[in-house]
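Some notes on the structure that comes next.
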Amino acid sequence: MTAAIQIGLGDVAATLALVAVAVAVAVWERTDLEGDIAVAAARSFIQLTAIGYVIKAIFASDSIVWVVLLLAVMVVFGAVTARARAKRVPHAFWTLLFALAIAATATLAVILALGVFPTKARYLVPVGGMVIGNAMTAAAVALNRLGDEIHDAAARIEATLALGATTTQAVRPVARRSLRSGIIPLIDSTKTTGLIFFPGTMVGMLLAGASPIDAVRLQLVLLYVLLGAVALATLLAVLLSRRAFFTAEHQLREMAPPQSNLGA
């Protein structure tokens, strides 16, 4: 038996003192980030409060239809968000949408088939959200690296094609480095789990009063699930996106100049 922690709005408001510290540091060092910090704090409150009520309703209904709909919305917003990081990749939105959808579907199907979690909204919603969020971040990093590297190595890639190489052979080193850049952060965090930091799921269970052993085992399950999901999503995103840089005649497309983020 575990006792849930009761946190009121007053407790949430009290922690704004630490947000004020972040704002003070930004102002003191003139980083011009104080506005972003304030917006981030406000958006997080609004978004998490809204999704909290949505999840509460889904848990109450325990309907798989609503679970699938919520995860589908997460996939769409994940693809939109990641697309902003991959501005040099042609048609990145559809590639990311497909990669995130396949990664989430395959991962949840495997853990349900293995009986790791029961087919209930209480389990599918948080696990699916973690999978989609981590897959989105990794795929965005990989495609951002892919676009930048192909732009920088355009002359070398064209020379390789001129020597008779296929498009796959010409872009393979760049694609491999991009794939590594997307997966390595999660690998590193997995390596240091329990030594340098405690992951959020484990901390949440401990705060809720769960047994440390139970908290550790659940965290291990989620870490292994995320490794598989991130690897699959990143691989699909890179493999599908690299084709978009070439024409049907196996010629490298003209690369668009990088877009400025000023005023965004």
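Any read-out appearing in this document is the output of simple, stated calculations on the displayed coordinates, not a laboratory observation. Since this is a predicted model, take the numbers as computed values, not measurements. Positions of Cβ are backbone-derived with ideal geometry, glycine not excepted, and every protein chain shown enters the neighbour counts.
Counting only helical runs of four or more DSSP H residues, what would the 222 nm mean residue ellipticity of the chain come to if each run contributes -39,500 (n - 2.57) and the total is spread over all its residues?
-25500 deg cm²/dmol
Taking Rh as the Kirkwood radius computed over C-alpha pairs, what is the Stokes-Einstein D of segment 10-61 at 37 °C in a medium of viscosity 0.692 mPa s, expressed in µm² per second? Can you show the working numbers first?
Values: Rh = 12.6 Å.
Stokes-Einstein gives a translational diffusion coefficient of 261 µm²/s.
Can you bin every Cα-Cα distance in segment 53-96 into 10 Å intervals starting at zero and give me the percent of pairs per bin, rounded to whole numbers?
Per 10 Å bin, starting at zero, the Cα-Cα P(r) for segment 53-96 comes out as 28, 34, 22, 14, 1 percent.
At 37 °C and a viscosity of 0.692 mPa s, what translational diffusion coefficient does Stokes-Einstein give for segment 26-112, taking Rh as the Kirkwood radius over Cα pairs? Give it in µm²/s as a whole number.
Working: Rh = 15.7 Å.
Here the translational diffusion coefficient equals 209 µm²/s.
I'd like the orientation of helix 16-28 relative to the chain: the angle between its Cα long axis and the longest Cα principal axis, in ° from 0 to 90, rounded to 10.
Long axis of 16-28 versus the principal axis of the chain: about 40 degrees.
With charges set only on the Cβ (+1 for Lys and Arg, -1 for Asp and Glu), what does the dipole of segment 64-175 come to about its Cα centre, in debye to the nearest 20? List each step's numbers first, then the result.
Numbers: 9 positive and 4 negative charges, 51 e Å.
It works out to roughly 240 debye.
Using the beta-carbon distance between Gln169 and Ala106 and R0 = 25 Å, what value does 1/(1 + (r/R0)^6) give for FRET efficiency, to the nearest 0.05?
The formula returns an efficiency of 0.35 here.
Hey, got the dipole for the chain? About the Cα centre, +1 on K and R Cβ, -1 on D and E Cβ, debye to the nearest 20?
Dipole about the Cα centre, nearest 20: 580 debye.
Calculate the all-directions average of the projected area of segment 62-243's alpha-carbon convex hull, and give it in nm². Spell out each step's value before the answer.
On the way: hull surface 46.7 nm².
Taking a quarter of the hull surface, the average projection is 11.7 nm².
Under 23 Å from the Cα of Lys56, which lysines turn up, not counting those fewer than eight places away in the same chain?
Lys120
Going highest first, how would you order 88-101, 143-156 by mean Cβ packing within 10 Å? Walk me through the numbers on the way to the answer.
Working: 88-101: 21.4, 143-156: 19.0.
Listed from highest to lowest mean packing, they are 88-101, 143-156.
Which residue fluctuates the most in the chain, going by a Gaussian network model with Cα springs under 10 Å, if the choices are Ile183, Ile37, Ile58?
Fluctuation is largest for Ile37.
How many Å³ per residue does the convex hull of the Cα positions in segment 122-180 occupy?
Working: hull volume 4.0 nm³, N = 59.
Expressed per residue, the convex hull around the Cα atoms of segment 122-180 is 68 Å³.
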